[in-house]
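This report refers to the structure that appears directly beneath it.
The values are calculated or read from the model by the stated rules, or taken from the named source; none is laboratory data. Predicted model, so just to flag it, every value in this text is computed and none were measured. Please note: Cβ atoms are built from the backbone with ideal geometry, for glycine as well, and neighbour counts cover all protein chains shown.
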Amino acid sequence: MNLLISLRSEILKTKRTASLYLTIIAAAFGPLMSMLDLILDGVETKERNMILESMFTSKFQMTAVALFPFFLMLICTLLPQIEYKNNAWKQVLASPQTKGQVFLAKFINIQLLVVVFLVANQLLMFVDAVILHFMEPSLHVLSQSVNVLNVLNMLASTYVTLLALCAIQFWLGLRFNNFIAPVAIGFACWFGGTLLAMQLKSDIALYFPYSFHVYTSFPQFKSQLPTVMWQSLAYAALFLVLGFLDFRRRRMVS
């Protein structure tokens, strides 16, 4: 059984869970809040000529601070927990696939849902723009230009900086046979990491994976973003290797 077949199996199992619904709901939360903000507070004068680009960039950056990391914590815990919940580890490991294929297929499946989150978020933000266009035609929202390269760069940098958190939470999701512990650890580290960077302004935040989301969302940290992205990739590789070694040596008990 090759990796593609293992991945297909993971996708089929995901369809039987609430993961896809969770992904769409989480992706819709930011655009919904942005739409309510525009309805209640209107558009600031200084943003009237760049409201469309602002919706795709600065509005998403607020999502990247809290909602996106929390979504990753949930999804990286939910999907590895499927076998624990269904008492199916013996069945999975008895199938003609290696532990390496199972491990990679699960991680890639999570990345597919992350892509769905990002695409759905941007599409729903465009729906906001269409609604705003009909609410206030004088803004000519849909006629405004958008730097697509800038938007793609923002999405890519956000994804890369959170890859370390994703790899760590994925390992925790496989390591624990309950849902609460990995989410609690992730949330505590995310909260602590945010405080380190935003309130304490500690140099430790630059090396703490759960602080990395801050560097894509606030202008004062942007100069350090390239360093953080490389560190995130290194952390992701390290924790995926450690996670796989731990997964391979353990006797999985449902």
Being closer than 21 Å to Thr17 by Cα and crowded, with 20+ Cβ neighbours inside 10 Å narrows it down to one residue among Phe70, Phe56, Phe117; which is it? Phe117
Suppose we keep only residues that are of a type in the set (S, T, N, Q) and under 18 Å from Ala167 (Cα atoms) within the stretch 228-254. Which one would you say is nearest to the chain's Cα centre (by Cα)? Ser232
Return a yes/no flag: does the stretch 126-138 have any residue that is surrounded by 15 or more Cβ atoms within 10 Å (Cβ to Cβ), closer than 21 Å to Asn2 by Cβ and more than 23 Å from the chain's Cα centre (by Cα). no
One residue is enough: does the stretch 141-162 have a residue meeting the conditions without any contact (Cβ under 8 Å) to a residue 12 or more places away in the chain and more than 25 Å from the chain's Cα centre (by Cα)? yes
Scanning the stretch 77-106 for residues that are among the hydroxyl-bearing types (Ser, Thr, Tyr), surrounded by fewer than 18 Cβ atoms within 10 Å (Cβ to Cβ) and touching a residue at least 12 places away in the same chain (Cβ under 8 Å) gives Ser95
Can you pull out every residue in the stretch 199-224 that is of a type in the set (S, T, N, Q) and either on the phi > 0 side of the Ramachandran plot or free of Cβ contacts under 8 Å to residues at least 24 places away in the same chain (or both)? Gln199, Ser202, Ser211, Gln220, Ser223, Gln224
Filter result (closer than 16 Å to Phe170 by Cβ and more than 17 Å from the chain's Cα centre (by Cα)) within the stretch 95-125: Lys99, Gly100, Gln101, Val102, Phe103, Leu104, Ala105
Give me the pairs: first residue in the stretch 225-254 and in contact (Cβ under 8 Å) with a residue 60 or more places away in the chain and in a helix (DSSP H, G or I), second residue surrounded by fewer than 19 Cβ atoms within 10 Å (Cβ to Cβ) and basic (Lys, Arg), beta-carbon distance under 6 Å, and six or more apart or on different chains, which are they? Arg248/Lys99
Considering only the stretch 13-43, state which residues are of a type in the set (Val, Ile, Thr) and at pLDDT 90 or above. Thr23, Ile24, Ile25
Hey, any hits in the stretch 164-174 for a residue that's buried (at least 21 other Cβ atoms within 10 Å of the Cβ) and closer than 19 Å to Lys59 by Cβ? no
